[in-house]
Amino acid sequence: MADDKDVLRDVWFGRIPTCFALYQDEVTEKEAEPFYLLLPRVSYLTLVTDKVKKHFLKAVKPEDVEEMWFEYEGTPLKWHYPIGVLFDLHALNTALPWSITVHFKNFPERDLLHCLSNSVIEAHFMSCIKEADALKHKSQVINDMQKKDHKQLWMGLQNDKFDQFWAMNRKLMEYPTEEGGFRYIPFRIYQTMSDRPFIQKLFRPASPEGHTHTLGDLLKEMYPAAIAHDGDAKKYQVLIQGIEPLLETPLQWLSEHLSHPDNFLHVCILPVPTD
Amino acid sequence: MSCVAVKPPSGGRWKVDVIRQLKRRDQRQHEAFSDLIRHYSRMLEKSSISAGFLRTARVPSGPESLSQNDRLKTMTGELACQVVALQQELNIKQKVLEEQQSRLAGAQQGASGAQAEEQALQARAAGVQAANAGLKREYDALLLLHAAADARVRAETQRGAELLEDVIRHKQQAAARLNSANERRSRARQVTLQKDLRAAQETPITMDTFLNSPVSTSPPTDPPERAHTRPFRRKRRGNSVCSVDQEAFRPGRVCVSARVPVRARHSLDAHEQGINAVRFSSSSDMLATGGTDRVIKLWDVQAGQLNHRGTLDGSAEGITSIEFDQTGFKVLAASYDKSALLWRIDDSVPKVTLTGHSRKVTAARFRGCPQQVVTGSADRTLKLWDLQKAACVSTLQVFSYCSDLVCSENAVISGHFDGQIRLWDTRTASCTLELPAQGKVTSLDLCSDLRQLLSCCRDDCLQLLDLRGNNRMTLRAEGFKCGSDSTKAVFSPDGRYAAAGSADGGVYIWSVTNGDLQTCLSGKHSASISAVSWSLSGDYVVSVDKSRRAVLWSDI
């Protein structure tokens with residue numbers, strides 16, 4: 001359906017305006033202007049920040065340079081989360097552009113993974129896709145694909161090629177008609193309040209009786225507190241791709257259209273800002 | 001804000017809500033900032049570029065430029081060296097190229113030379129082929145000529161055959177005419193005979209008339225009858241073997257003294273092939289020789305020369321031995337064709353043929369008065385024959401191949417290959433005495449006084465045996481070798497010498513009295529001598545050899 005295609009396009013081409021500034025303590029005599037960039041929501045930090053690195057390397061003494069890392073308001077940003085997820089989780093309700101601080105020293109070993117080359121990102125991305133397909137199709141579709149198809153998925157993401165990516169990805173979004181949907185919905189529920197990184201469990205797109213599960217059913221199952229009971233004010237925002245879908249939205253449709261390129265439905269639950 | 005015509009989406013209102021929210025999100029986050037960020041990035045680029053220009057435009061400081069100059073100088077020096085080296089390499093390559101080009105030129109020359117040669121050879125080949133074609137044409141022409149000549153030859157032969165037929169026909173006609181003429185004549189004779197007979201029947205005959213009448217009208221071929229012959233017409237019995245006057249006993253001539261020959265008087269090639277036997281007649285100086293060519297030639301000696309007198313043929317194979325009878329008119333010969341033959345010396349056709357042996361007859365001898373002949377043969381028998389009946393009277397089994405035999409009054413003495421000499425009594429037909437010889441006996445001769453026997457042995461010696469006293473003497477000579485299994489040795493007619501021919505072509509003569517070699521006549525024969533014979537007069541010795549040579553020796 002043309003609308004669904006538009007949805008896919010809008011999801012893919014979503015951007016976040018970001019301002020990168022070098023950490024104050026690392027600034028040398030050369031002035032380093034902040035660098036502005038529109039980051040793609042669906043990509044990963046270390047994949048799209050080459051220009052940032054080049055820009056700031058000019059201002060930094062060469063002998064001081066180690067691996068570049070980012071933080072926002074004191075929180076080191078994990079590069080292996082999609083950018084959109086990071087933004088929604090940390091800075092959704094703040095003023096745009098999103099201000100990220102660039103560090104070249106004092107890499108926080110405990111918080112962040114090292115990302116020394118693009119192959120690391122590729123490996124992570126592909127493993128997410130495989131995990132998602134394991135949940136959706138018992139890994140049959142991903143295993144039937146050839147290596148060049150996997151490569152095409154990665155290249156599509158790396159080079160920001162919607163058509164190249166979705167030529168392969170649509171196979172992962174298909175399901176046998178008698179099933180009525182995927183075997184299980186791949187999702188991760190992120191939240192800022194607890195120490196758990198995310199919630200990921202098995203959840204069917206439809207009940208055994210044939211009842212289509214909705215987003216509300218998922219939340220009821222996984223994070224009941226997020227659902228506001230009648231009468232109470234809404235306490236939590238449930239964000240997918242930066243928007244709040246209605247709770248009656250079918251889960252199957254959400255998984256097909258609002259997943260990230262890694263085929264996971266990343267859901268962020270934020271407390272409603274009080275002010 | 002862009003206005004896009006949006007179709008009302010299908011599905012629930014949740015989809016509408018989602019689409020709307022996405023749009024709003026993009027407006028807020030993306031579109032509001034895109035231009036701004038784009039312009040900012042461009043400004044940043046421009047400033048960094050200009051900063052870069054400023055930096056490069058600045059003159060480099062002193063020490064840096066000097067070192068740069070040095071570096072440049074060293075670089076130019078290195079480059080110059082490289083140029084020189086490359087130039088040298090270039091020269092070398094140039095030289096190599098020239099050499100190869102010269103080699104190429106040489107090879108091309110060689111190739112052109114070879115091509116010229118090839119063309120010359122091809123021209124020669126064409127010439128040879130033309131010559132061949134010419135020869136072939138000649139050959140064809142000759143072939144045609146040959147065919148024509150062949151046809152002519154065939155025509156001629158055919159004509160010749162036809163002519164021959166004509167001649168034969170004519171001859172036949174002539175013969176027929178002759179036959180008819182003869183018949184007519186004989187018929188005429190018969191008629192006259194009948195007339196005469198009838199006439200004679202009518203005339204009365206008395207004994208007187210018959211006795212006084214001349215020769216009767218019997219056919220002229222009959223020999224003259226004796227006076228007391230029966231008056232009836234005798235049946236014609238064929239040619240009788242002998243006639244009256246020939247049967248009269250003639251006393252044998254005796255030689256008083258023989259003379260040892262000294263030199264050869266006459267030497268000739270007497271026969272066509274090798275001569276095996278030679279014999280002087282016992283009554284005259286007539287000689288008979290016979291050999292492999294199946295004929296016996298008669299010679300007589302006149303003034304030291306052998307003159308050919310006649311030839312007796314009729315033997316189917318070679319002659320082994322010859323003997324004259326005591327009258328000298330008959331010749332008996334033994335032959336390889338398993339028979340003995342008897343001739344009259346004036347008739348070349350044999351009178352009697354004695355067949356019955358199963359192998360070659362080696363010796364045939366007249367025996368005594370009553371017309372008997374003894375033959376010895378390789379089939380280990382001796383046969384006695386009666387000449388009147390021309391049949392074998394008795395057969396004596398001897399035990400070995402008989403090579404020669406002699407007859408004395410009552411005995412037959414035979415020499416054998418097993419080295420024995422056997423005496424046979426003809427009346428009892430048994431062996432009375434067996435005497436060992438030195439080796440294979442090849443010939444025997446009895447001396448004229450019938451007392452001494454000379455035997456020739458294969459192991460090159462002659463033996464003299466005294467028949468009455470049983471003592472023996474051996475005659476040997478250096479150089480004397482018995483040449484064959486049938487070499488003949490003879491006594492001289494007076495019994496004082498013994499002669500034999502040797503394989504080396506020499507005639508050896510020993511003295512019998514003391515056993516010494518008297519002389520050796522050589523130089524005339526080139527082959528092994530097969531037989532010798534001493535003339536009854538004692539004057540001549542004839543030797544014959546395997547190479548058909550006969551030599552007459554005498555002492556004058």
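Restricting to region B:381-406, name every residue that is surrounded by fewer than 18 Cβ atoms within 10 Å (Cβ to Cβ) and not in a strand (DSSP E or B).
Within region B:381-406, B:Gln388, B:Lys389, B:Ala390, B:Phe399, B:Ser400 qualify.
Residues checked against (1) closer than 22 Å to A:Leu77 by Cβ; (2) open to solvent by 10 Å² or more (accessible area, probe 1.4 Å):
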position	(1), (2)
A:Ser194	yes, yes
A:Thr214	no, yes
A:Leu218	no, no
A:Leu251	no, no
A:Ser255	no, no
A:Cys268	yes, no
A:Val272	no, yes
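Could you grab me the full set of residues in region B:520-556 that are out of contact with any Leu (no Cβ under 8 Å at 6 or more places or on another chain), open to solvent by 10 Å² or more (accessible area, probe 1.4 Å) and among the charged types (D, E, K, R)?
Scanning region B:520-556 gives B:Lys524, B:Asp539, B:Lys546, B:Arg548, B:Asp555.
Looking only at region A:55-99, filter to residues that are touching a Pro at 6+ places or on another chain (Cβ under 9 Å) and among the small types (Gly, Ala, Ser); which one of those is surrounded by the most Cβ atoms within 10 Å (Cβ to Cβ)?
A:Gly84
Please go through region A:141-181 and give me each residue that is at pLDDT 90 or above and over 23 Å from the mean Cα position of the chain (by Cα), ordered by number.
A:Asn143, A:Asp144, A:Met145, A:Gln146, A:Lys147, A:Lys148, listed by residue number.
Could you list, in sequence order, the residues of region B:18-36 that are at the interface with chain A (Cβ under 7 Å from one of its Cβ atoms), out of contact with any helix residue (DSSP H, G or I) (no Cβ under 8 Å at 6 or more places or on another chain) and either within 14 Å of A:Leu96 (Cα to Cα) or of a type in the set (Asp, Glu) (or both)?
B:Arg25, B:Gln29, B:His30, B:Phe33, B:Ser34
Test B:Gln68 against the criterion of being in a helix (DSSP H, G or I) and at pLDDT 95 or above, and give yes or no.
Details: in a helix (DSSP H, G or I): yes; at pLDDT 95 or above: no.
Against the criterion (in a helix (DSSP H, G or I) and at pLDDT 95 or above), B:Gln68 does not qualify.
Listed here are the residues, each with its yes/no results for (1) closer than 14 Å to A:Phe264 by Cα; (2) in the same structural domain as A:Glu248 (by TED's automatic domain parsing); (3) free of Cβ contacts under 8 Å to residues at least 12 places away in the same chain.
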residue	(1), (2), (3)
A:Asp133	yes, no, no
A:Leu153	no, no, no
A:Asp163	no, no, yes
A:Ile185	yes, yes, no
A:Ile199	yes, yes, no
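Can you spot a residue in region B:317-324 that is acidic (Asp, Glu) and part of a strand (DSSP E or B)?
Initially, region B:317-324 is screened for residues acidic (Asp, Glu), giving B:317, B:323.
From what is left, the residues that are part of a strand (DSSP E or B) are B:323.
Yes, that holds for at least one residue.
Scanning region A:249-275 for residues that are of a type in the set (Asp, Glu) and modelled with pLDDT of 90 or more, which turns out farthest from the chain's Cα centre (by Cα)? Lay out the reasoning, then the answer.
Restricting attention to region A:249-275, the residues satisfying the condition of being of a type in the set (Asp, Glu) are A:256, A:262, A:275.
Next, from what is left, pick out any that are modelled with pLDDT of 90 or more: A:256, A:262.
Working: A:Glu256: 15, A:Asp262: 8 Å.
The extreme case among them is A:Glu256.
How many residues does region A:165-179 hold that are in contact with a helix residue (DSSP H, G or I) (Cβ under 8 Å, 6 or more places away or on another chain), among the polar types (S, T, N, Q) and free of Cβ contacts under 8 Å to residues at least 60 places away in the same chain? Walk me through it before giving the result.
Start the filter on region A:165-179 by keeping residues that are in contact with a helix residue (DSSP H, G or I) (Cβ under 8 Å, 6 or more places away or on another chain), which leaves A:165-169, A:171-175.
Narrowing the set further to residues that are among the polar types (S, T, N, Q) leaves A:169.
Now narrow it down to the ones that are free of Cβ contacts under 8 Å to residues at least 60 places away in the same chain: none.
Number satisfying all stated conditions: 0.
Report, by residue number, each residue of region A:1-41 that is among the charged types (D, E, K, R), more than 8 Å from chain B (Cβ to nearest Cβ) and either in contact (Cβ under 8 Å) with a residue 60 or more places away in the chain or assigned to a loop (DSSP other than H, G, I, E, B) (or both). Steps first, please.
As a first pass, look at region A:1-41 and keep what is among the charged types (D, E, K, R): A:3-6, A:9-10, A:15, A:25-26, A:29-31, A:33, A:41.
Right, trim to more than 8 Å from chain B (Cβ to nearest Cβ) and you get A:4-5, A:9, A:25-26, A:29-31, A:41.
Passing the criteria: A:Asp4, A:Arg9, A:Glu26, A:Glu29, A:Lys30, A:Glu31, A:Arg41.
Might you check whether a residue that is assigned to a helix (DSSP H, G or I), surrounded by 10 or more Cβ atoms within 10 Å (Cβ to Cβ), modelled with pLDDT of 95 or more and polar (S, T, N, Q) occurs anywhere in region B:146-161?
Within region B:146-161, one or more residues are assigned to a helix (DSSP H, G or I), surrounded by 10 or more Cβ atoms within 10 Å (Cβ to Cβ), modelled with pLDDT of 95 or more and polar (S, T, N, Q).
Report yes if A:Leu247 is within 14 Å of chain B (Cβ to nearest Cβ), touching a Gly at 6+ places or on another chain (Cβ under 6 Å) and surrounded by 11 or more Cβ atoms within 10 Å (Cβ to Cβ), otherwise no. Working first, answer last.
On the way: within 14 Å of chain B (Cβ to nearest Cβ): yes; touching a Gly at 6+ places or on another chain (Cβ under 6 Å): yes; surrounded by 11 or more Cβ atoms within 10 Å (Cβ to Cβ): yes.
Yes; evaluated as a whole, the condition is true for this residue.
Could you please let me know if A:Ser259 is outside the structural domain of A:Met145 (by TED's automatic domain parsing), under 23 Å from A:His80 (Cα atoms), open to solvent by 40 Å² or more (accessible area, probe 1.4 Å) and out of contact with any helix residue (DSSP H, G or I) (no Cβ under 7 Å at 6 or more places or on another chain)? Talk me through it step by step, then tell me what you get.
Details: outside the structural domain of A:Met145 (by TED's automatic domain parsing): yes; under 23 Å from A:His80 (Cα atoms): yes; open to solvent by 40 Å² or more (accessible area, probe 1.4 Å): no; out of contact with any helix residue (DSSP H, G or I) (no Cβ under 7 Å at 6 or more places or on another chain): yes.
In short, no.
Looking at (1) of a type in the set (A, V, I, L, M); (2) free of Cβ contacts under 8 Å to residues at least 60 places away in the same chain; (3) surrounded by 14 or more Cβ atoms within 10 Å (Cβ to Cβ), which is the one condition that is false for A:Ile129?
Going through (1) of a type in the set (A, V, I, L, M); (2) free of Cβ contacts under 8 Å to residues at least 60 places away in the same chain; (3) surrounded by 14 or more Cβ atoms within 10 Å (Cβ to Cβ) one by one, A:Ile129 breaks only (2).
So which residues in region A:50-79 are acidic (Asp, Glu) and within 14 Å of chain B (Cβ to nearest Cβ), if there are any at all? Can you show your working first?
Let us first name the residues in region A:50-79 that are acidic (Asp, Glu), namely A:50, A:63-64, A:66-67, A:71, A:73.
Selection gives A:Asp50 alone.
Which residues, counting only those in region A:107-122, are without any contact (Cβ under 8 Å) to a residue 40 or more places away in the chain and open to solvent by 60 Å² or more (accessible area, probe 1.4 Å)?
A:Glu109, A:Arg110, A:Asp111, A:Leu113, A:Ser119 - these are the residues of region A:107-122 that are without any contact (Cβ under 8 Å) to a residue 40 or more places away in the chain and open to solvent by 60 Å² or more (accessible area, probe 1.4 Å).
The values are calculated or read from the model by the stated rules, or taken from the named source; none is laboratory data. In this text, all values refer to a predicted model and were calculated from it rather than measured experimentally. Reconstructed Cβ throughout: ideal geometry from the backbone, glycine too, with neighbour counts over all protein chains shown. Side chains are part of the model used for accessible areas, which takes the heavy atoms of the whole protein and leaves out ligands, DNA and RNA. Shrake-Rupley method; radii C 1.70, N 1.55, O 1.52, S 1.80 Å.
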